[in-house]
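One structure below.
Throughout, read-outs are computed from the coordinates displayed, never taken from laboratory work. Keep in mind that this is a model prediction, so the values were computed, not measured. Positions of Cβ are backbone-derived with ideal geometry, glycine not excepted, and every protein chain shown enters the neighbour counts.
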Amino acid sequence: MPIGDLSLPMLVIIAIVVLYLLNSIKILREYERGVIFRLGRALPVAKGPGIILVFRPIDQIVRISLRQEVLEVPPQDIITRDNVTLKVNAVVTLYVVDPNAAAIKVSNYVYQTSQLAQTTLRSVLGEVELDELLSHRDKLNLRIQTIIDQRTEPFGVKVVSVEVKQVDLPESMLRAMAKQAEAEREKRSKIIHAEGEFIAAQKLVDAAALMATQPMTLQLRYLQTLADIGVEKNTTIVFPLPLEMMTLLNKLSGAVKTETSSQ
């Protein structure tokens, strides 16, 4: 039928149908999925990516992003097992693995995961001591991530990682830790110094034992010392005198005094 033979009402109906079909075309990006509710019932498989048709008002669409999202957990007040008060915050990385479950089983999966992360962070870190929190953070991160992931699995959210971002300690605790670190370093310094003294004494004992086997080495060492003094261009020369000679001189002096007094 030629277009000219169509009546005005028919043209209006055709235009409305064309506009309705054009309005029903939806484009979903590669990282998006569309959960379609047809007469209130969700279709078994989410649509997308690409071009899909949504026939309103029969169909309703909920767009779900499959990209990873980073969720910052606000600072939480925590009391550790050894009664230390802390403020701890964390970062949670998550993404949706089941768009239908994320749209049907929970009203807002991001808010739900945030609340689960806050409660889990307080409960897990409250069971450990401060030293374990500071030294075994990777182990605690994995434990928190496992617990949150198990609780978010029913509504189609996968928790990739949980990282404790910052631990704020009280000022008094910082001073106590600084004193502890200083005492630990002083302890190490004294131990190293004592080990050095022990090694030096052991070497001197070994050298004395070696010289005792060859008495000539003591004379050679004496001549080497004189040569070292001469290199420095010193005017004073020190001659070492054996202690045995000093003892002998003292005995001779005492004998002379005895004879003099007897006469």
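Put simply, the Cα atoms of the stretch 69-169 extend 44, 20, 19 Å along their principal axes, the longest span coming first. The charge dipole of the stretch 69-169, taken about the Cα centre with unit charges on the Cβ atoms of Lys, Arg (+1) and Asp, Glu (-1), comes to about 240 debye, rounded to the nearest 20. Excluding same-chain neighbours fewer than eight residues apart, the lysines reachable from residue 139 by a Cα-Cα span under 21 Å are 87, 158, 165. Does anything in the stretch 36-57 have its amide N under 12 Å from the 7 Å Cα→Cβ label point of residue 23, and if so which residues? Within reach of a label on residue 23, which here means backbone N under 12 Å from a point 7 Å along Cα→Cβ, the stretch 36-57 contributes 55-57.
The HN-Hα couplings worked out from phi for the stretch 92-108 by the Karplus form 6.51 cos²θ - 1.76 cosθ + 1.60 (θ = phi - 60°) are 10, 10, 8, 7, 8, 9, 10, x, 4, 5, 5, 8, 9, 8, 8, 6, 8 Hz, whole numbers, x standing for Gly and Pro.
Residues whose amide H falls under 5 Å from that of residue 97, counting only those 5 or more places apart or on a different chain, are 157, 158, with hydrogens built in the peptide plane.
Over all other residues within a Cβ to Cβ distance under 11 Å of residue 141, the charged ones net out to +2, with Lys and Arg as +1 and Asp and Glu as -1. Taken about its Cα centre, the stretch 1-107 carries a charge dipole of about 200 debye when Lys and Arg each add +1 at the Cβ and Asp and Glu each add -1 at the Cβ.
Could you size up the charge dipole of the stretch 3-65 around its Cα centre, putting +1 on the beta carbon of Lys and Arg and -1 on that of Asp and Glu, and report it in debye to the nearest 20? Before the final figure, lay out each step's value.
Working: 8 positive and 4 negative charges, 72 e Å.
That gives the stretch 3-65 a dipole magnitude of about 340 debye.
Across the stretch 3-65, Cα-Cα pairs farther apart than 19 Å form 43% of the total.
The stretch between residue 8 and residue 114 holds 32.4 nm of extra length on full extension. This uses 0.36 nm per residue minus the Cα-Cα distance.
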